[in-house]
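The values are calculated or read from the model by the stated rules, or taken from the named source; none is laboratory data. The model shown is predicted, which means the values in this text are computed figures rather than measured ones. No Cβ is skipped: glycine too gets one built from the backbone with ideal geometry, and neighbour counts run over all protein chains shown.
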Amino acid sequence: MRKLLIKNGVVIDPVSKTEVNRDIYIEDGVIKNTAGTKRGISGKDTEVIDASNLLVLPGFIDMHVHLREPGFEYKETIQSGMESAIAGGFTSVCCMPNTNPVNDNKEINTFIINKAKAAGLINLWTIGAISKNNGGVRLSNIAELKESGAVAVSDDGKPVEDSSLMAKALLYAKTFDMPVISHSEDIKLRSKGIMNEGVISLRLGVHGIPRVAEEIAIFRDIRLAGYYNAKIHIAHISTKGSVNIVRQAKKAGINVSAETCPHYFSLTEEALLQYNTNAKINPPLRTKDDINSIKEGLADGTIDVIASDHAPHSEDEKNTTLDEAPFGIIGLETSLALTLRLFHEKTVSMMDIAMLMSLNPAKILNLKGRGGIQNGFTGDITIVDSDKKWFYRKENIKSLSKNSPFIGENFRGKALYTIVGGKVFKL
Amino acid sequence: MSYGKKDLISIRDLTKSDMLYFLETAKEFKKISLKDIKKVPTLRGKTVINLFYEPSTRTKASFEIAQKRLSADSLNIVISQSSVTKGETLSDTVLNLESMKPDAFVVRHYDSGAPYLVSRITNAVTINAGDGINEHPTQCLLDIMTILENKKDINSLKVAIIGDIYHSRVARSDIYGLLKFGANIYLYGPYTLLPKFIEVENNVKVAKSMEEALKDADVIIMLRIQKERMSLNFIPSIEEYRSFFKLTKDLMFLARKDAIVLHPGPVNRDTEISGEIMNSNRSVILKQVENGIAVRMACLYILLGSRSKTI
C-alpha cells in the first residue's frame with residue numbers, strides 16, 4: 001500500500017474555501033481524513049514531504065493544451081507534453097483534437113488515451129472534435145467520443161463558422177451532457193491578419209486582426225447557448241469587449257464559462273516589435289487596456305479558468321516572417337509563474353488561483369473527485385513555493401518546442417512537487 | 001353521437017368524445033375487414049380523390065382499401081404523372097378537380113398546412129393524410145385505437161415517444177391526441193430532434209435519457225430516423241444513432257411488463273428498433289396497420305355518409 005504524508009503545508013482547498021496549516025495523507029492514490037487527524041498513519045513505509053512554508057494546492061488542471069501526437073511529433077509528443085506539464089506543476093492536461101488525423105473518432109481518441117496511460121505520468125483527458133476533421137461541415141460522433149473517454153468537444157484552432165452547425169453541436173452535445181468549448185473567431189474578418197489590429201500593426205506594416213473578430217463570435221456563441229439553454233465554454237478570451245460580453249451573459253443567467261491564458265494578462269502587442277514570431281498567437285496579444293480588463297475579469301469571477309493554450313511549434317517553423325510563422329506559443333512551464341505575478345501584485349488570491357487552475361476546470365469538464373483537497377478525492381496535489389526565484393532558460397525547457405516569448409525572464413514562484421494520484425514528481 | 005365539422009385536418013380540432021366516436025365507429029368497421037365479402041354499400045355514389053404529393057405505402061393503401069370496402073369511387077392522382085410536373089399550383093390543381101364534383105379529398109403533402117389550403121378552395125370534405133412536419137390525424141386515431149385494445153384506459157399512462165420528434169407529424173398528432181386522454185408523455189431523442197417549445201404543453205416532458213423515458217412506460221412509440229437528417233447535422237451518423245437511441249431488448253426491461261411498442265412505419269429494422277422486439281409479442285406494429293383501415297373507413301363514413309345512412 002502506497003502512503004504519502006504531506007506535512008505542515010498551508011493547504012488551500014477551494015471546495016471548502018479553507019486555507020489552513022495542516023497535514024494531508026494520501027493512501028493508494030486517494031486523499032484520506034484531511035480534517036487534520038492522523039489516524040492510520042504509521043510505519044516507515046510512509047513517504048513524507050515536509051511542506052513547511054509551502055502552499056499545498058489541488059493539482060493544477062490545464063484544460064487547453066495542444067499535444068501534437070499523432071501527426072506532428074516533431075513539435076511535441078504525448079510523452080514530452082506531459083513532462084512539460086509536470087515541470088509546470090500540472091497534474092492533468094486536456095488535449096485539443098487538432099492532431100493529424102484529427103481526434104474526431106473512437107480510434108484516435110483511444111490511441112491518445114492509451115498512449116498517455118502507457119506513459120504513466122499525469123492525467124490526460126481528451127477533447128474530441130465538434131466536426132469531422134475539424135472541417136466545420138459535419139458533426140462528429142460526439143456520443144461515441146464521450147463513451148470512449150473524451151470530456152468535451154471543440155474545433156479549437158478553428159471556429160465553427162456555420163451558426164446552424166454550432167446550434168446543432170450545442171443541442172446534440174447537451175443530449176450527452178458533453179461540454180462544448182468554443183474557439184470564437186470570425187475567421188473571414190481575421191482574413192490575413194497576424195496580430196492585433198492597432199498602432200503596432202500599422203507601424204510594422206502587417207495585416208491586423210480586428211478585436212471585433214473575436215467579440216462578434218463570442219457574442220454569437222453565447223447567444224446560441226442562451227437560446228438553446230445549453231452550456232458553453234469560451235476558450236482563450238483576450239479583449240476587454242470579450243470580458244464585458246461574458247460578464248453580461250453571466251448576469252443574464254446564461255450557462256457560460258470563460259478562459260483566458262497567461263499571455264493575455266502578461267504581454268501586449270508590443271511583444272511583436274522586431275517581428276518576433278514567438279509572440280504570434282491567435283487570438284493575438286492586445287493592449288494594456290485589454291490586460292487590465294482581463295485582470296478585472298479574473299478578480300471578479302467573470303473569467304473562470306486560466307489555461308495555457310500550450311501550442312508547440314518547431315524552431316524552424318517559427319524562424320521565418322511573421323506572415324509565414326504559425327500561430328501559437330508554449331505555456332505549460334510558465335503558466336503558474338505568470339499567474340503568480342497576479343498573486344504578488346494582489347490581483348488574485350491563492351484561493352482564486354486554486355479555483356482558476358484546478359476547481360473550475362474540474363467542474364466545467366465534470367471531472368469527479370478533482371479540483372479540491374477533500375476526503376475521498378484523487379490524490380492530485382501541486383506543492384508551490386510562491387517566492388522561489390528562477391530564470392527561464394531555453395535549455396531547461398522540457399517541451400520539445402521552444403517557442404516562448406518569455407525566455408530570459410525572471411520569475412518568482414514555482415511548483416516544487418507535482419503529485420499525481422499519490423505519485424510524487426519532485427521538481 | 002355526431003361530428004359537426006366538415007373536415008379532418010388536425011387532431012386538435014377533435015374533442016375526446018369526438019375521438020371516441022371515431023373509434024367506436026372504427027370498431028364496427030373492423031368487423032367488415034374480417035368478413036369473407038369485405039364490402040358494404042355505405043358510400044356508393046361518392047367520389048373520393050386521393051391527392052398524394054409525397055410517396056406513401058401504408059397510408060395510401062389503407063385509404064384506398066377503406067374507400068373500396070365502403071364502395072366509394074376513388075381516384076388516385078399520381079403527382080409524378082400529373083400536371084403538377086408541368087408547373088400547376090396546388091390551388092389550381094384542386095380547383096380543376098373541384099369542377100369534377102368530388103365528395104372528398106384525401107391529401108398528403110410535403111408542406112405543413114396544405115390541407116387547409118385545399119379545404120378553403122373546395123366544398124368537398126378534406127381529410128389530412130399527413131402534412132409536412134405538422135400532423136397526421138388518422139395515424140393518431142389508429143394509434144389510440146391500438147393502445148385502447150391493449151389498455152383499459154389511457155388516463156395516467158406513461159407514453160414514451162422516442163426518436164425524431166421534430167420532423168414527425170405522427171408525434172405531433174399523437175401528442176395532442178393522447179393529451180386529451182390524460183396520458184403522461186415523455187419524449188426522448190437527440191436534442192437536435194426535439195421541438196424547442198414542446199414542453200409548454202402540460203404533461204409533456206423531455207426526458208434526459210433513454211432510461212428515464214422508458215422507465216415504467218406503458219406505451220412506447222418509436223419513430224423512424226431518416227438518413228437525410230445527417231446532411232443538416234441533426235445527427236452525426238446512423239451508426240451513432242443506432243448505438244444510443246435504438247430500442248433494444250435490454251432497454252425494454254425498464255418498461256412495464258405489459259408495455260406495448262408502436263411504430264408508424266416504415267421501420268428501419270435494427271436502426272431505431274431491434275428486430276427482436278419487432279418480432280416479439282410486445283410489438284403491435286402490424287395491429288396498427290390493421291386498425292388503420294378501420295379508422296379510415298370510420299373517418300370516411302363519418303365525414304361523408306353518416307348523416308343519411310347507417311352501417
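Residue-by-condition table, conditions (1) outside the structural domain of B:LEU148 (by TED's automatic domain parsing); (2) under 20 Å from B:HIS136 (Cα atoms); (3) among the aromatic types (Phe, Trp, Tyr):
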position	(1), (2), (3)
B:TYR176	no, yes, yes
B:TYR191	no, no, yes
B:PRO195	no, yes, no
B:GLU211	no, no, no
B:ARG224	no, yes, no
B:ASN233	no, no, no
B:THR248	no, no, no
B:LYS257	no, no, no
Scope region A:53-80; condition over 13 Å from the mean Cα position of the chain (by Cα) and not in a loop (DSSP other than H, G, I, E, B); matching residues:
A:LEU55, A:VAL56, A:LEU57, A:PRO58, A:ILE78, A:GLN79, A:SER80
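Per-residue answers, yes or no, for (1) within 17 Å of the chain's Cα centre (by Cα); (2) under 22 Å from B:THR57 (Cβ atoms); (3) of a type in the set (D, E, K, R); (4) surrounded by fewer than 24 Cβ atoms within 10 Å (Cβ to Cβ):
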position	(1), (2), (3), (4)
B:SER74	no, yes, no, yes
B:VAL78	no, yes, no, yes
B:GLY87	no, no, no, yes
B:LEU95	no, no, no, yes
B:THR122	no, no, no, yes
B:PRO137	yes, yes, no, no
B:ASN155	no, no, no, yes
Count, please, the residues in region A:70-79 that happen to be buried (at least 21 other Cβ atoms within 10 Å of the Cβ) and not basic (Lys, Arg).
2
Has region A:164-180 got any residue that is away from every other protein chain (no Cβ under 11 Å), assigned to a helix (DSSP H, G or I) and either on the phi > 0 side of the Ramachandran plot or at pLDDT 95 or above (or both)?
no
Which pairs do you get when a residue that is farther than 21 Å from A:ILE24 by Cβ, found in region A:406-427, comes within reach of a residue that is modelled with pLDDT of 95 or more and part of a strand (DSSP E or B), reach meaning Cβ atoms under 7 angstrom, with the pair 6+ apart or on two chains?
A:ASN410/A:LYS389; A:ASN410/A:PHE391; A:PHE411/A:TRP390; A:ARG412/A:ASP387; A:ARG412/A:LYS389
How about region B:152-255: which helices (runs of 4 or more DSSP H) wholly inside it have at least 2 residues that are within 14 Å of another protein chain (Cβ to nearest Cβ)?
B:210-214, B:238-245
Starting from residues that are in a helix (DSSP H, G or I) and within 14 Å of another protein chain (Cβ to nearest Cβ), keep the ones in region A:100-113 and report whichever is surrounded by the fewest Cβ atoms within 10 Å (Cβ to Cβ).
A:GLU107
Looking at A:ALA271, A:ALA258, can you tell me which residue is in a strand (DSSP E or B) and not hydroxyl-bearing (Ser, Thr, Tyr)?
A:ALA258
Tally of residues being in contact (Cβ under 8 Å) with a residue 40 or more places away in the chain, of a type in the set (A, V, I, L, M) and away from every other protein chain (no Cβ under 14 Å) across region A:114-159:
7
